[in-house]
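Chemist: The following block contains the structure, expressed as structure tokens.
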């Protein structure tokens, strides 16, 4: 498993996408935007729409112009420390989940603002989110699994791909059943 990453790799992919879509670099676009001198974000977004720049590349250029959110500039350690500030007793649960996924195969671990994502080369299959002062949610992408029993709706945990969550209040809650569901989510996303 690779080291935990931040948003930087995604930012680099968006740079590449912008060049591929427009044949112009971020620096080129920054010069055009500077010459245009938009008054605010809505004006810039409208102008970029007219130029055919939409989606992530547009958001990147808005950030380039008006500043990046703090979470995009933070290190993985800073992001995770912020997630567990005021609830350090929950951090061992994250560490246990990361230890479990390290034996599954190729897994990329990415720190986000409010959760830690685990990805196969294809997509996100699991997230760990410190949801309350007493609980961490293990969110899973299990496309054919419905909530029931210990498995509850994953709505609000991680990203929209997560459909199931298992609440974990201690490392002991990461039992064989939870590990089996985690492995199944990995297999379904590989």
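Residues checked against (1) closer than 30 Å to residue 182 by Cβ; (2) touching a residue at least 40 places away in the same chain (Cβ under 8 Å):
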{"position": "4", "(1), (2)": "yes, yes"}
{"position": "26", "(1), (2)": "no, no"}
{"position": "34", "(1), (2)": "no, no"}
{"position": "45", "(1), (2)": "no, no"}
{"position": "51", "(1), (2)": "no, no"}
{"position": "60", "(1), (2)": "no, yes"}
{"position": "72", "(1), (2)": "yes, yes"}
{"position": "88", "(1), (2)": "yes, no"}
{"position": "94", "(1), (2)": "yes, yes"}
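Chemist: Considering only region 82-95, state which residues are assigned to a helix (DSSP H, G or I) and over 19 Å from the mean Cα position of the chain (by Cα). Let's see the steps before the verdict.
Modeler: Taking region 82-95 first, the residues assigned to a helix (DSSP H, G or I) are 82-83, 88-95.
Residues satisfying the conditions are 88, 89, 90, 92.
Chemist: Sort out for me the strands (runs of 3 or more DSSP E) sitting completely within region 103-190 that have 1 or more residues that are more than 28 Å from residue 11 (Cα to Cα) and touching a residue at least 12 places away in the same chain (Cβ under 8 Å). Talk me through it step by step, then tell me what you get.
Modeler: Details: elements: 108-111, 116-119, 124-130, 136-140, 164-168.
Per the criteria, 164-168.
Chemist: Taking the criterion of being at pLDDT below 95 and either under 26 Å from residue 12 (Cα atoms) or touching a strand residue (DSSP E or B) at 6+ places or on another chain (Cβ under 7 Å) (or both), would at least one residue in region 87-102 satisfy it?
Modeler: Looking through region 87-102, at least one residue is at pLDDT below 95 and either under 26 Å from residue 12 (Cα atoms) or touching a strand residue (DSSP E or B) at 6+ places or on another chain (Cβ under 7 Å) (or both).
Chemist: Let me ask something else. Inside region 58-81, can you point out the residues that are surrounded by 15 or more Cβ atoms within 10 Å (Cβ to Cβ) and part of a loop (DSSP other than H, G, I, E, B)?
Modeler: Listed by number, the list holds a single entry, 74.
The values are calculated or read from the model by the stated rules, or taken from the named source; none is laboratory data. Keep in mind that this is a model prediction, so the values were computed, not measured. As a convention, Cβ positions derive from the backbone with ideal geometry for all residues, glycine included, and neighbour counts pool all protein chains shown.
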